[in-house]
Amino acid sequence: MILVTGGRGFIGAHTVRALLDLGEGCVLGQRAAGPPPALVTEREVRDGRAVVEPMDCTDLGSVLAAGKRHRVTGIVHLAAAGMGASAPLEELSANAAGLFTVLRAAQEWGVGRVVVASTIGVYAGVPGPALREDAPLPVASPHAIPAGKKIAEVVADVAASSGLDVVTARIGAIWGPLGRPYSPFFAAPRLVHAATQDIAADGGVAGTVAGTVAGAAAPAYAEDAIDMCYARDCGRALALLQTTATPRHRIYNIGGGRAVANREVAAAIGRAVPGAEPALLCALFPGRSPAAPAVDACLDISRLRQDTGYAPEWDLDRAVTDYVGWLRAGNPR
């Protein structure tokens, strides 16, 4: 079975779904107790194909206990300290401890592969437009998350040099079912939620959409763009990295392969939710934000395509329609 740490979380749940679709069984390691995510069926739980295990990744005994109950053949390590839940040094310490614990467990179990999550944020300061895995990374980081992921990448590389099969996944901006309704890094989630909330309220798109979006966070600009990857595609990419027989590299980008502007997202929502686009566009500031880079960068996903056969299946319109449908069905996120 494949252990997915953080398996009840956002990206974890989609990774579990993709692994189950590939015929793998999954152990969902999660610190917080609770039921399996909505993407897992009751039958898969009943049949033992998806098992939730309480697990604190900073506690080696807690992780090894799962290996006594299940034959773990691979690990996708996604668990991380909650963003902003503690001071930056405490967050870095907890995430580093979790990674060391998972790698030690992998050694003891003799697992086939460990996939370690990194982020597009490690490329901050690298010139675009296409961000490639072989680009030299600056040491400094503008945020605690990419700083921690750079630490994780160094540790993962040492582990790989020591004989473990370790692959690092640099993940772009992920959005979709089970994700937070608001991200500090891009506007797409709150644009979709704003339009869908008004549908739920009155069956149409009210003028409060603009107020909802504008009041939720810092201003969003129409021409600001980021590499967005729909959560279902991200989960499949991680599952392919875990199951591909012989990946040729230690680092892979996971993203959509292009930068998507906020105005494109608003237009796609307008096609999925008639009447939403004008209100959403009114909520966006014109042009680009003062902090926007001169060139919009995107992740080069050539390695991932060539080595795993991955290709994004959820284009913007299909993804928005799916996400709106998920929220209309009564799912809060």
Handout entry: Residue match in segment 300-308 (condition: polar (S, T, N, Q), over 22 Å from the mean Cα position of the chain (by Cα) and at negative phi)
Key = no
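Give the residue that is farthest from Pro293 (Cα to Cα), with candidates limited to residues of segment 112-131 that are touching a strand residue (DSSP E or B) at 6+ places or on another chain (Cβ under 8 Å) and open to solvent by 20 Å² or more (accessible area, probe 1.4 Å).
Checked segment 112-131; the qualifying residue farthest from Pro293 (Cα to Cα) is Gly112.
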Exercise for the section: Taking Ala276 as the residue in question, decide whether it is within 13 Å of Val192 (Cα to Cα) and small (Gly, Ala, Ser). Expected result: yes
Problem - Flag for Ala140 being assigned to a loop (DSSP other than H, G, I, E, B), open to solvent by 30 Å² or more (accessible area, probe 1.4 Å) and without any contact (Cβ under 8 Å) to a residue 60 or more places away in the chain - result: yes
Problem - Residue identified as surrounded by fewer than 18 Cβ atoms within 10 Å (Cβ to Cβ) and touching a Gly at 6+ places or on another chain (Cβ under 6 Å) among Thr15, Thr5, Thr73 - result: Thr73
Practice task
Would you be able to say whether some residue in segment 251-264 is open to solvent by 30 Å² or more (accessible area, probe 1.4 Å), free of Cβ contacts under 8 Å to residues at least 12 places away in the same chain and part of a helix (DSSP H, G or I)?
Solution key: no
Fill in the blank from the handout: Result of the Cβ filter at 6 Å on segment 274-295, keeping first residues that are closer than 20 Å to Tyr123 by Cα and partners that are modelled with pLDDT of 85 or more, at least 6 apart or interchain, is Ser289/Tyr221; Ser289/Asp224; Ala292/Asp224; Val295/Pro129
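Consider segment 265-276. How many of its residues are buried (at least 20 other Cβ atoms within 10 Å of the Cβ) and assigned to a helix (DSSP H, G or I)? Spell out how you get there, then give the answer.
Step one: list which residues in segment 265-276 are buried (at least 20 other Cβ atoms within 10 Å of the Cβ), which gives 265-266, 268-269, 272-273, 276.
This time we only want the ones that are assigned to a helix (DSSP H, G or I), so: 265-266, 268-269, 272, 276.
Residues in segment 265-276 being buried (at least 20 other Cβ atoms within 10 Å of the Cβ) and assigned to a helix (DSSP H, G or I): 6 in total.
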Practice task
Could you grab the pairs with beta carbons closer than 6 Å, sequence gap of 6+ or different chains, first residue in segment 175-188 and more than 15 Å from Gly325 (Cα to Cα), second one among the polar types (S, T, N, Q) and surrounded by 19 or more Cβ atoms within 10 Å (Cβ to Cβ)?
Solution key: Ala187/Asn262
Handout entry: Within segment 46-66, tally of residues that are assigned to a helix (DSSP H, G or I), more than 10 Å from Val27 (Cα to Cα) and either open to solvent by less than 30 Å² (accessible area, probe 1.4 Å) or of a type outside the set (Lys, Arg) (or both)
Key = 6
Practice task
Output the number of the condition that Trp109 fails; it satisfies all remaining conditions of (1) under 30 Å from Ala292 (Cα atoms); (2) open to solvent by 40 Å² or more (accessible area, probe 1.4 Å).
Solution key: (1)
Problem - Members of segment 306-325 found to be modelled with pLDDT under 95 and surrounded by 17 or more Cβ atoms within 10 Å (Cβ to Cβ), listed by number - result: Pro312
Handout entry: Filter result (modelled with pLDDT of 95 or more and surrounded by fewer than 23 Cβ atoms within 10 Å (Cβ to Cβ)) within segment 19-38
Key = Leu20, Asp21, Leu22, Gly23, Glu24, Gly25
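The values are calculated or read from the model by the stated rules, or taken from the named source; none is laboratory data. If you're wondering where the values come from, they're calculated on a predicted model, not measured in any experiment. Positions of Cβ are generated from backbone atoms using ideal geometry, with glycine treated the same way; all protein chains shown enter the neighbour counts. What goes into the accessible areas is simple: the full protein's heavy atoms, side chains included, and nothing from ligands, DNA or RNA. Shrake-Rupley method; radii C 1.70, N 1.55, O 1.52, S 1.80 Å.
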